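Notes follow once the structure below has been shown.
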Amino acid sequence: MKPKALILTGYGINTDSEMAYAFELAGAEAERVHLHDLIAGEAKLSDYEVFVIPGGFSFADDLGAGKVLAERLRVHLMDDLLAFIEDDKLVLGVCNGFQVLVKLGLLPALERYGLQEATLTFNDSGRFEDRWVYLEPERDSVCVFTRGLDRLYLPIRHAEGKFVPRDEGVLKRLSAQGQIALRYVDPEGRPAGYPWNPNGSVEDIAGICDPTGRVFGLMPHPEAYLHKYHHPRWTRESVPEEGLGLPLFRNAVEYVRSRR
């Protein structure tokens, strides 16, 4: 039986189809489920092994990117989400989904789940950024999704992607506990200034996980680079047939299979 992934959709989420395709390509059975159906109980989170919040502009980013969706999940589904995580399952948030997980307090979850300890706020450039960036996985990260990955090249498209921890203590603990999963780098792999760090994130942080490594959020879009033809320069450069985003999804599928 294939691992089952629930891909959340509705109310402004707009990359759910690409996300479902990515998981299916990696070997999972992916189902797009509307938030309303999940809240109404017409679909049950417990029937799945991966929960995914894709990118988009949920609830038009009113009150800040991801804030309204985070509160909807907190009010209606928090107990289900905590049970899901406790059951050794995976949670992924990309772009708007990352914003939701941070504002819901499922990331970084240093003290406990449900307490917001960081935020994702407006880009330093003061504008929406749409470009491709280089990413370096942290070798000592506990993140399930980034295990064994080398440098990545993925697109970003966001206006509120600047990662800011609550204080210096949060940043130190993220580093010490291996919860920083991805950092922006320049084409030579060095610490990134603008535009390679497209938003001004503290210490070039592009993605983090919870202490278990099973809840992961990132601003770049791995679901947008699954085949060579997604690469912006595939007609001019030698590009691998498989896009650099796909191994991230394959890691998730393999983790679920290993725990059965």
Quick count over the stretch 55-68, residues being touching a Gly at 6+ places or on another chain (Cβ under 8 Å) and of a type in the set (A, V, I, L, M, F, W, C), is 3
Across the stretch 165-186, the tally of residues that are surrounded by fewer than 16 Cβ atoms within 10 Å (Cβ to Cβ) and more than 16 Å from Pro137 (Cβ to Cβ) stands at 6
Only one of these is of a type in the set (D, E, K, R), over 16 Å from the mean Cα position of the chain (by Cα) and at pLDDT below 95: Arg260, Arg236. Name it.
Arg260
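Among the listed residues Gly207, Gly189, Gly200, which satisfies the condition of being touching a residue at least 24 places away in the same chain (Cβ under 8 Å) and under 15 Å from the mean Cα position of the chain (by Cα)?
Gly207
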Can you tell me which residues in the stretch 113-166 are touching a residue at least 40 places away in the same chain (Cβ under 8 Å) and at positive phi?
Gly114, Gly148
When residues of the stretch 26-44 are limited to those that are within 18 Å of Val256 (Cβ to Cβ) and surrounded by fewer than 19 Cβ atoms within 10 Å (Cβ to Cβ), the one farthest from the chain's Cα centre (by Cα)
Lys44
Selected residue (criterion: surrounded by the fewest Cβ atoms within 10 Å (Cβ to Cβ)) from residues of the stretch 138-164 that are β-branched (Val, Ile, Thr) and under 24 Å from Ser125 (Cβ atoms)
Val164
From (1) over 17 Å from the mean Cα position of the chain (by Cα); (2) surrounded by 21 or more Cβ atoms within 10 Å (Cβ to Cβ), pick out the condition that doesn't hold for Asp124.
(2)
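The values are calculated or read from the model by the stated rules, or taken from the named source; none is laboratory data. Bear in mind that the values here come from a model prediction, so they are computed numbers and not experimental data. Because the Cβ atoms are built from the backbone with ideal geometry, glycine has one as well, and the counts that use them run over all protein chains shown.
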